[in-house]
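Asker: Before we start, here is the structure in question, set down as structure tokens.
The values are calculated or read from the model by the stated rules, or taken from the named source; none is laboratory data. Quick caveat: nothing in here was measured; it's all calculated off a predicted structure. Cβ sites come from the backbone with ideal geometry, for glycine too, and all protein chains shown count toward neighbours.
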Amino acid sequence: MSLTPSNMIPLGSPAPDFELPDTVSEKKIALADFRGEQATVIMFICNHCPYVKHINPELVRLANDYQSKGISFVAISSNDIVAEPDDAPEEMKKTALALKYPFPYLFDETQQTAKAYDAACTPDFFVFDKNLKLAYRGQLDDSRPSNNVPLSGKDIRDALDALLAEKSVSPRQRPSIGCNIKWKK
């Protein structure tokens, strides 16, 4: 594991389009298929990363709290499954079902989607407004596996609440931090 922060791409950047297989339904899902009326949250996660394992309960709560408000969520794993077999699609499906993910869990085998988003770590979060312009990128909250700060999702919840209120999201955003994406060699 190499501790890696998010790349803080420019706010206002458009959401790159993609079409990837959902590991649970086994159907291909494109950005247009789940675009939210108010906002769209794209999360780069994986199965093996201790940072993702730590925040999984809050990811489920967050999606359950906001999906009924017109905000959609999708998770993408882009790790090289040769380097990390625990992140293979069959394992992703098991994780999604066991944790009751209320969002699709897509597999980015070519890693092109992660590259298009300039994703660097797991977890890595991108919140787009209703026009699919980047409004937030960075951490879920201040909680880490070893710091005893309780999970709250505060940073993303604040961004989503601002978008729902049709207010500007604070540009003061802190990078997420976690395991580096395992790029193919």
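Asker: So, of the residues in the range 100-132 that are assigned to a strand (DSSP E or B) and under 14 Å from residue 52 (Cα atoms), which turns out to be modelled with the lowest pLDDT? Even if it seems obvious, please write down each step before you answer.
Answerer: First pass over the range 100-132, keeping only residues assigned to a strand (DSSP E or B): 105-107, 121-122, 124-129.
Imposing the further condition that a residue be under 14 Å from residue 52 (Cα atoms) reduces the set to 105, 121-122, 124-125.
Working: 105: 98, 121: 91, 122: 95, 124: 95, 125: 97.
Once the filter is applied, the top-ranked residue is 121.
Asker: Scan the range 25-48 and tell me whether some residue there is under 26 Å from residue 183 (Cβ atoms), modelled with pLDDT of 95 or more and among the charged types (D, E, K, R). Show your work before the answer.
Answerer: Step one: filter the range 25-48 for residues under 26 Å from residue 183 (Cβ atoms), giving 26, 28-31, 34, 40-48.
Subsequent filtering for residues that are modelled with pLDDT of 95 or more retains 28-31, 40-47.
Checking the rest, the ones that are also among the charged types (D, E, K, R) come to 28.
Yes, the range 25-48 contains at least one residue that is under 26 Å from residue 183 (Cβ atoms), modelled with pLDDT of 95 or more and among the charged types (D, E, K, R).
Asker: Of the conditions (1) buried (at least 18 other Cβ atoms within 10 Å of the Cβ); (2) at pLDDT 95 or above; (3) of a type outside the set (A, V, I, L, M); (4) within 15 Å of the chain's Cα centre (by Cα), residue 6 fails just one. Which one is it?
Answerer: Against the list (1) buried (at least 18 other Cβ atoms within 10 Å of the Cβ); (2) at pLDDT 95 or above; (3) of a type outside the set (A, V, I, L, M); (4) within 15 Å of the chain's Cα centre (by Cα), residue 6 comes up short only on (2).
Asker: Hey, another quick one. Take residue 141 and tell me if it is modelled with pLDDT of 95 or more, over 26 Å from residue 30 (Cβ atoms) and either in a strand (DSSP E or B) or not aliphatic (A, V, I, L, M) (or both). Lay out the reasoning, then the answer.
Answerer: Details: modelled with pLDDT of 95 or more: no; over 26 Å from residue 30 (Cβ atoms): yes; either in a strand (DSSP E or B) or not aliphatic (A, V, I, L, M) (or both): yes.
Considered against the rule, which asks whether it is modelled with pLDDT of 95 or more, over 26 Å from residue 30 (Cβ atoms) and either in a strand (DSSP E or B) or not aliphatic (A, V, I, L, M) (or both), residue 141 comes out as no.
Asker: Additional query: I need the full set of residues from the range 55-86 which are outside any helix (DSSP H, G or I), closer than 30 Å to residue 166 by Cα and over 16 Å from the mean Cα position of the chain (by Cα), in order please. I'd like the intermediate steps shown before the answer.
Answerer: Within the range 55-86, the subset outside any helix (DSSP H, G or I) is 70-84.
Retained after the next criterion (residues that are closer than 30 Å to residue 166 by Cα): 70-76.
Within the range 55-86, just 70 meets the criteria.
Asker: Hey, among the residues in the range 63-83 that are under 22 Å from residue 144 (Cα atoms) and of a type outside the set (Gly, Ala, Ser), which one's surrounded by the fewest Cβ atoms within 10 Å (Cβ to Cβ)? Let's see the steps before the verdict.
Answerer: Within the range 63-83, the first condition is being under 22 Å from residue 144 (Cα atoms), and the residues that meet it are 63-65, 73-79.
Next, from what is left, pick out any that are of a type outside the set (Gly, Ala, Ser): 64-65, 73-74, 76, 79.
Working: 64: 13, 65: 15, 73: 23, 74: 23, 76: 24, 79: 30.
Ranking the candidates gives 64 first.
Matching residues to (1) closer than 14 Å to residue 126 by Cα; (2) touching a Gly at 6+ places or on another chain (Cβ under 8 Å); (3) assigned to a loop (DSSP other than H, G, I, E, B); (4) not hydroxyl-bearing (Ser, Thr, Tyr):
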residue: 12; (1), (2), (3), (4): yes, no, yes, yes
residue: 32; (1), (2), (3), (4): no, no, no, yes
residue: 37; (1), (2), (3), (4): no, yes, yes, yes
residue: 41; (1), (2), (3), (4): yes, no, no, yes
residue: 53; (1), (2), (3), (4): no, no, no, yes
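Asker: Looking at the range 28-62, which of the residues that are among the basic types (Lys, Arg) and over 20 Å from residue 135 (Cα atoms) is surrounded by the fewest Cβ atoms within 10 Å (Cβ to Cβ)?
Answerer: Quick first cut of the range 28-62, residues among the basic types (Lys, Arg) only: 28, 35, 53, 61.
Within this subset, residues satisfying the condition of being over 20 Å from residue 135 (Cα atoms) are 28, 53, 61.
Details: 28: 12, 53: 15, 61: 15.
Per the stated criteria, the residue is 28.
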